[in-house]
Amino acid sequence: MQDGYVTAINLDTGEIGHSVVMQKVILQTATKISGKQVETFLYYVMDPSGGYYHKISRNMIINAKNVFYIWR
């Protein structure tokens, strides 16, 4: 994404796949009461079927049928 690539992902939604486009990845850092820092990645995609953005889980990306990197 940083080098001008578009990342398209075919999610495994059962019998048919569903394509989404990666919009942004955010590294969220939280500090617990004990002082320990916990980092979590948040993945946001654009769903072209509805034209809106939403967050997906890491497992959805890991279990994707295909991941395409398209240079533009």
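The values are calculated or read from the model by the stated rules, or taken from the named source; none is laboratory data. Predicted model, so just to flag it, every value in this text is computed and none were measured. Cβ sites come from the backbone with ideal geometry, for glycine too, and all protein chains shown count toward neighbours. The protein model used for the area step is the full one, side chains on, heavy atoms only, and it has no ligands, DNA or RNA in it. Shrake-Rupley method; radii C 1.70, N 1.55, O 1.52, S 1.80 Å.
Summary of computed values
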read-out	value
Largest to smallest accessible area among Val21, Val45 [probe 1.4 Å]	Val21, Val45
Where Rh is the Kirkwood radius over Cα pairs, Rg/Rh for the chain	1.07
Those lysines that a straight Cα-Cα span of less than 16 Å connects to Lys24, excepting residues fewer than 8 apart in one chain	Lys55
Per residue value of the accessible surface for the chain (all protein chains in place, 1.4 Å probe), Å²	78
Assigned charges on the beta-carbon of Lys, Arg, Asp, Glu; the chain dipole about Cα centre (debye)	280
Value of relative contact order over the chain, rounded to a whole percent, pairs C-alpha under 8 Å and six or more apart	39
